[in-house]
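The values are calculated or read from the model by the stated rules, or taken from the named source; none is laboratory data. Note that this is a predicted model, so its numbers are computed, not measured. Here Cβ is always computed from backbone atoms with ideal geometry, including for glycine, and neighbour counts include all displayed protein chains. Note: areas computed on protein heavy atoms with side chains; ligands, DNA, RNA excluded. Shrake-Rupley method; radii C 1.70, N 1.55, O 1.52, S 1.80 Å.
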Amino acid sequence: MGTFDASLITVPTIENDAGALGVLEDSALLGFEIARAYFIYDVPGGSERGGHAHKELSQVLVAVRGSLTVRVSDDVQSKAFFLNSPRVGLRLSPGLWRDMYDFSADCVCLVLASEKYRESDYLRDHSAYLDWLSNK
Ligand code: TYD
């Protein structure tokens, strides 16, 4: 059985008359040291992304512009998170399935990751994912 560990964090933000500046660097807040950052944008209306789990990778997702929904699940639970603020991050532990959809046209989703890109860390087939979970 998987350990469902998905939670929202508050992005520390410095705000003054010149605007706002969000900072993500604290590994105690993120749950890991950042090894990689990437961002998703220009997602065509109606498109879905995600549709996979990671074996070892942890991530924090932030909708720095616009909005999207991230449905997180394992073999027991499923929960949808609506991300629509640069002040909120979604922290995902390894071993969770995620589906991302309802991207707004202007959405820019920043993803911070605990490891470099490695395709062998992905579980892209849902039944293989459930098998992997049950053998953990
Ligand atoms: P994927 O992680 O499946 O994206 P999403 O979860 O947003 O749908 O990655 C999409 C493609 O991009 C896939 O072919 C792998 C590639 N990719 C990289 O080359 N480097 C990366 O850091 C990431 C995240 C993906």
Which pairs have Cβ atoms under 7 Å, sit 6 or more apart or on different chains, and link a residue in region 47-59 that is among the charged types (D, E, K, R) to one that is surrounded by 14 or more Cβ atoms within 10 Å (Cβ to Cβ) and not in a loop (DSSP other than H, G, I, E, B)? E48/D99; E48/M100; E48/Y101; R49/I40; R49/M100; K55/D121; K55/L123; E56/D121
Name the pairs: first residue in region 97-117 and under 20 Å from A128 (Cβ atoms) and of a type in the set (K, R), second residue open to solvent by 30 Å² or more (accessible area, probe 1.4 Å) and more than 9 Å from the ligand (Cβ to nearest atom), Cβ to Cβ under 9 Å, at least 6 apart or on different chains? R98/R71
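The rows are residues; the columns are (1) surrounded by fewer than 19 Cβ atoms within 10 Å (Cβ to Cβ); (2) of a type in the set (A, V, I, L, M, F, W, C); (3) modelled with pLDDT under 95.
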{"site": "S67", "(1), (2), (3)": "yes, no, no"}
{"site": "R71", "(1), (2), (3)": "yes, no, no"}
{"site": "G89", "(1), (2), (3)": "no, no, no"}
{"site": "F103", "(1), (2), (3)": "no, yes, no"}
Do you know which residues across region 116-128 are part of a loop (DSSP other than H, G, I, E, B) and in contact with a strand residue (DSSP E or B) (Cβ under 7 Å, 6 or more places away or on another chain)? K116, Y117, R124
The one condition in (1) open to solvent by 40 Å² or more (accessible area, probe 1.4 Å); (2) away from the ligand (no atom under 11 Å from the Cβ) that A63 fails to fulfil: (1)
Find the residue count for region 91-101, including only residues that are open to solvent by less than 30 Å² (accessible area, probe 1.4 Å) and within 14 Å of the ligand (Cβ to nearest atom). 5
(1) within 19 Å of H126 (Cα to Cα); (2) without any contact (Cβ under 8 Å) to a residue 24 or more places away in the chain all hold for A18 apart from (1)
